[in-house]
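Just below is one structure, and these are the notes that go with it.
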């Protein structure tokens, strides 16, 4: 060492403190709100350890393999004004495709015609995806990022698009995607298995694209009947 000094090895505590100081100097992941609550509740050290050890801005191979096994995903979106919606998408294992470590895509099949999630994405690209493995590990994977709607023709002509994506676009009937949601990955991190239930599989017939109420759950909550009664009473009072 210059000047004739001796080089002292840093202790583990000093290394941890150095990493903590580096993290505070840089922009932290997450929001100001969560950081304030971490400070208030005394969880800052745990949160920083999670950011440092579990949070990525891309999908590593183990995450890609996990997504390739998944048959469902929960989708959170918000409109331009901040009103939120959480929905559900499902398909064959791997219906959500990892196009590269920074990009994934999932098909939008024919639904009830409301298009709440797609409408939100058209206004506000922020999206949160949660994959949960209910049948094996009970582990989950969060993927947050920026989404955009992509029509079939653009998706088919995308450089390097997997052959099965191109093939799915040519399928006839209810299994043909109406369009795709392509997500640029910004955050990817684990959801712990502690409170995720392990479920058993049961056979269920799925008729893709059907409008038959009996195959879609019908008026399970009785809302249609109630609305018809209320609208009927209102119409009667106007006559």
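The values are calculated or read from the model by the stated rules, or taken from the named source; none is laboratory data. Treat the numbers as computed from the prediction; the structure is a model and nothing was measured. Quick reminder, even Gly has a Cβ in these numbers, built from the backbone with ideal geometry, and neighbours come from all protein chains shown.
Of all residues in region 98-114, exactly one satisfies the criterion of being more than 15 Å from the chain's Cα centre (by Cα), surrounded by 15 or more Cβ atoms within 10 Å (Cβ to Cβ) and free of Cβ contacts under 8 Å to residues at least 60 places away in the same chain, namely 111.
Of the residues making up region 117-132, none is touching a strand residue (DSSP E or B) at 6+ places or on another chain (Cβ under 7 Å), crowded, with 18+ Cβ neighbours inside 10 Å and farther than 30 Å from residue 210 by Cβ.
Among the conditions (1) more than 26 Å from residue 160 (Cβ to Cβ); (2) modelled with pLDDT of 95 or more, residue 18 misses just one, which is (2).
Selection over region 95-116 of residues that are within 17 Å of residue 210 (Cα to Cα) and in a loop (DSSP other than H, G, I, E, B) gives a count of 7. Screening 206, 171, 181 for residues that are touching a residue at least 24 places away in the same chain (Cβ under 8 Å) and surrounded by 10 or more Cβ atoms within 10 Å (Cβ to Cβ) leaves exactly one candidate, 181. Counting the residues of region 74-84 that are assigned to a strand (DSSP E or B) and either over 10 Å from the mean Cα position of the chain (by Cα) or modelled with pLDDT under 95 (or both) gives 2.
Total residues in region 85-94 satisfying the condition of being touching a helix residue (DSSP H, G or I) at 6+ places or on another chain (Cβ under 9 Å) and either in a loop (DSSP other than H, G, I, E, B) or buried (at least 19 other Cβ atoms within 10 Å of the Cβ) (or both): the figure is 3. Scanning region 27-73 for residues that are within 18 Å of residue 190 (Cβ to Cβ) and part of a loop (DSSP other than H, G, I, E, B) returns 29, 30, 43, 55, 57, 58, 59, 60, 70. In region 51-64, the count of residues that are surrounded by fewer than 17 Cβ atoms within 10 Å (Cβ to Cβ), within 28 Å of residue 217 (Cα to Cα) and modelled with pLDDT of 95 or more is zero. Can you find a residue that is surrounded by fewer than 17 Cβ atoms within 10 Å (Cβ to Cβ), within 20 Å of residue 56 (Cβ to Cβ) and in contact with a helix residue (DSSP H, G or I) (Cβ under 8 Å, 6 or more places away or on another chain) anywhere in region 212-227? No, that holds for no residue.
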